[in-house]
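A.B. asks: Take this structure first; my questions come after.
None of the figures in this text is laboratory data; all of them are computed from the coordinates on show. Here the structure is a predicted model, which is why all the values come from computation and not from measurement. Here the Cβ is made from the backbone with ideal geometry for all residues, glycine too, and neighbour counts use every protein chain on show.
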Amino acid sequence: MKTFEIVSHKIEPQQYADMVLRPEAGAVTLFTGHVREWTKGVKTLYLSYEAYIPMAEKKLAQIGAEIEEQWPGTKTAIAHRIGELAISDIAVVIAVSSPHRKAAYEANEYAIERIKEIVPIWKKEIWEDGEEWIGDQKKKPGGAV
Amino acid sequence: MKTFEIVSHKIEPQQYADMVLRPEAGAVTLFTGHVREWTKGVKTLYLSYEAYIPMAEKKLAQIGAEIEEQWPGTKTAIAHRIGELAISDIAVVIAVSSPHRKAAYEANEYAIERIKEIVPIWKKEIWEDGEEWIGDQKKKPGGAV
Amino acid sequence: MITVHYFAGLKELTGVAQEQADLSGRTVEELWQWVSEKYPGIEAGAARVAVNEEYALPEDRLETGDVAAFIPPVSGG
Amino acid sequence: MITVHYFAGLKELTGVAQEQADLSGRTVEELWQWVSEKYPGIEAGAARVAVNEEYALPEDRLETGDVAAFIPPVSGG
């Protein structure tokens, strides 16, 4: 198991929390993103995730490095699952430990925002009557980041 | 296992995450507060927690109700451990699920702040050369809340 | 009679976790007078008072069978 | 020769996950011209380009053995 990884099996979130725990950690935040049944009134049957795996793992590690620079003393682990996921399955897990809780919350939320900006992972939603690749509409693609 | 409880055994955080998961949940935040080895340069040997158990469980449930009112669609579970805890042991776990992630982060952080304000639980730090009951110095006790 | 609970540092000061007190009909403020006379180390206002597991006001009146508790500054989490 | 990767919706549009292209010495901007001529449905600017797993600028130059990838808007999480 790696600290920043793309996996194609069921995610066990506790493993990532364990990876960041240290005697100096007073707080651990663990975020899990799950497949939601309903999005904007449309019922999802399942999701399919694809990644550019080596670059995605590199970008997850970059996010971890950004966090350790921005919130000194924190430690981060992130995993994202690819393939077909059913309702309630975990797509992503983010674990952050920190001496104090404030940084653990802030850094964790920063990680999910950055994943949605820079990590080459794509989600396809499959409904009863169709399917679609989902692009983050807030961030128009530019030449570079 | 109860949704809001004081326990005297080891906390298994995943059980509380599982308790709040539902098909409409897209995000689960799980916070764990751990016994930290060093606080302000003083080495902690272990901690001892005491609670006014029935009132503490009632106040934890009140926090859950406050959250569900302030962030509709969220679901919360909280447990706090009492007795003697070693370094890295989990003292408190807070699980919040929500359709969207923003509320799950905000509500979780709200819960730990409220625990430190209103829940009758007390921490005694035991060091090599002494011990002390810790009071939250930011909140001077008043007649009522 | 009412029941009075002490916790944490206050329990170490009183030496008892709980006791009975003949304070039915009295207010929370009078409970404070009673306790600070009985245990000189306890200063009024050094804790909150809960009655029947809810935080109480100084003017709240105690009834027979009530359970009062002195809640020193909490430090959970 | 360089390697070109396509992902998600772009892969469905090109019908291939990856291919070789004779673009050594060319820029990322020229890669865009090449791909939009080969696959008329692809609009320049509809994706970011990564070279060797880092986001690249239009003026970046491709070298033999480089791995380029078209990265449509990401939607992980």
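A.B. asks: State, to one decimal in nm and shortest first, how far the label point of B:Lys43 sits from each corresponding label point in the other identical copies (label point: 7 angstrom along Cα-to-Cβ).
C.D. replies: In nanometres, ordered from closest: 6.1.
A.B. asks: Can you list the distances in nanometres, one decimal and ascending, from the A:Glu68 label point to the identical position in each other copy, with the point 7 Å along Cα to Cβ?
C.D. replies: Those separations, rounded to one decimal, come out as 4.2 nm.
A.B. asks: Based on DSSP H runs of at least 4 residues, each adding -39500 (n - 2.57), what is the mean residue ellipticity at 222 nm of the protein assembly as shown after dividing by all its residues, to the nearest 500 deg cm²/dmol?
C.D. replies: The helix-only estimate for the protein assembly as shown comes to -8500 deg cm²/dmol at 222 nm.
A.B. asks: Expressed as a whole number of Å, what is the distance separating the alpha-carbon centroids of the range D:36-77 and the range B:54-96?
C.D. replies: If you average the Cα positions of each part, the centres end up 47 Å apart.
A.B. asks: Around C:Val28, under 13 Å between beta carbons, what's the net of Lys plus Arg minus Asp minus Glu among the other residues?
C.D. replies: Summing Lys/Arg as +1 and Asp/Glu as -1 gives -4.
A.B. asks: Here are some pairs, B:Lys10/B:Lys58; A:Lys10/A:Lys58; A:Lys2/B:Lys59; which of them have Cα atoms lying more than 28 Å apart in this structure?
C.D. replies: Long pairs (Cα-Cα over 28 Å): A:Lys2/B:Lys59.
A.B. asks: Going through the range B:1-95, which trypsin sites (Lys or Arg not before Pro) have at most 14 other Cβ atoms within 10 Å and a DSSP loop state?
C.D. replies: When the trypsin sites (Lys or Arg not before Pro) of the range B:1-95 are filtered for loop state and at most 14 Cβ neighbours within 10 Å, B:Lys2, B:Lys10, B:Lys40 remain.
A.B. asks: Which Cβ of chain C lies nearest the axis of the rotation superposing C onto D, and at what whole-Å distance?
C.D. replies: Nearest-to-axis residue on chain C, with distance in whole Å, is C:Gly77, 14.
A.B. asks: Can you list, shortest first and in nm, the gaps between the label point of B:Gly130 and those of its counterparts in the other copies, using a point 7 Å from Cα in the C-beta direction?
C.D. replies: So the distances to the same position in the other copies read 7.1 nm.
A.B. asks: Whose Cβ in chain B comes nearest the axis that rotates B onto A, and by how many Å?
C.D. replies: B:Leu30, 2
A.B. asks: Magnitude of the Cβ-charge dipole of the protein assembly as shown, K/R +1 and D/E -1, about the Cα centre, nearest 20 debye? Please report the intermediate quantities before stating the final value.
C.D. replies: Values: 48 positive and 70 negative charges, 11 e Å.
Result for the protein assembly as shown is approximately 60 debye, rounded to the nearest 20.
A.B. asks: Quick one: if you stick a label point 7 Å off each Cα along the C-beta vector at C:Arg26 and C:Leu13, how many nm between them?
C.D. replies: Spacing of the two 7 Å Cα→Cβ label points: 1.7 nm.
A.B. asks: Taking each full run of DSSP H in chain B as one helix, which ones are at least 15 Å long along their axis (Cα atoms) and have mean Kyte-Doolittle hydropathy of at least -1.0?
C.D. replies: B:53-70, B:101-118
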